[in-house]
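Asker: Following this message is one structure expressed as structure tokens.
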Amino acid sequence: TSVNSGVLTVSSGSAQVTTSTFGVSASSIVANGVTTSVVTVTIRDAKENALTASAGTVEMFVTAGHQGSIGAVTNNGDGTYTATYTSGTLVSNSTITAKLNGVALTQSATISLTAGPATQLAIATQPVGSASATALSQQPVIHLLDAFGNHAIQDSTTSVTAAINSGSFGSLGG
């Protein structure tokens, strides 16, 4: 009986823009101009195998939502490329796209920018008076806003208290 042995070398194919993928460290971040998410592009071949070496130059862009910015792209030398996305200050969805050697990748990544904690009030509808001892004919509408004027709709813990100005007559109830 004879034994044959050998080495089988398997390598990935050439880079494909249609099968390459995106990943983000956080898909939802606060719209405060400083919160970040790391964006990773993995270059893949036609069979969706990740490349194990550099595939060339990758550029990343914020192409929808136009909120926030993307930092310099790092070629990790293993078929992956990373860049840091920094949030803008308006609530929106930002789409990150990329090009490999000048050719657009088919896929993209979306990062949702959400409001921060409530820091201010805005009167959307002024109250309108009515006869004494009756409810206001038009109730006030107050909005909770974050530091950048975004509606803090996720805030269900902030308590708002109303009071009559000193020297005014009347009472509040309800």
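The values are calculated or read from the model by the stated rules, or taken from the named source; none is laboratory data. For clarity, every value in this text was computed on a predicted model and none was experimentally measured. Counting neighbours? That spans all protein chains shown, and the Cβs are built from the backbone with ideal geometry, glycine included. These area figures cover heavy atoms from the full protein model, side chains too; ligands, DNA and RNA do not enter into them. Shrake-Rupley method; radii C 1.70, N 1.55, O 1.52, S 1.80 Å.
Asker: Which of the peptides 126-134, 66-74 is most tightly packed, and how do the rest follow, judged by the mean count of other Cβ atoms within 10 Å per residue? It would help to have the intermediate numbers written out before the result.
Answerer: Working: 126-134: 9.2, 66-74: 15.3.
Ranking, from highest mean packing down: 66-74, 126-134.
Asker: Would you mind working out the accessible area per residue for the chain, using a 1.4 Å probe, and quoting it in Å²? Let's see the in-between values first.
Answerer: Values: 10670 Å² over 174 residues.
Accessible area per residue, the chain: 61 Å².
Asker: Please report, in debye to the nearest 20, how large the charge dipole of the chain is about its Cα centre when each Lys and Arg carries +1 at its beta carbon and each Asp and Glu carries -1 there. Show your work: numbers first, answer last.
Answerer: Details: 3 positive and 6 negative charges, 22 e Å.
Around 100 debye, computed over the chain.
Asker: Take the alpha carbon gyration tensor of the chain, find the square roots of its eigenvalues, order them as a ≥ b ≥ c, and report rounded if a/c is under 1.5; if not, report prolate when a/b exceeds b/c, else oblate. Provide the component values of the computation, followed by the final result.
Answerer: Values: a/c = 4.70, a/b = 3.75, b/c = 1.25.
It comes out prolate by the Cα gyration axes.
Asker: Do any trypsin sites (Lys or Arg not before Pro) in segment 29-135 lie in a DSSP loop with no more than 16 other beta carbon atoms within 10 Å, and if so, which? Show your work: numbers first, answer last.
Answerer: Values: sites: Arg44, Lys47, Lys99; in loops: Lys47.
Passing both the DSSP loop test and the Cβ count: Lys47.
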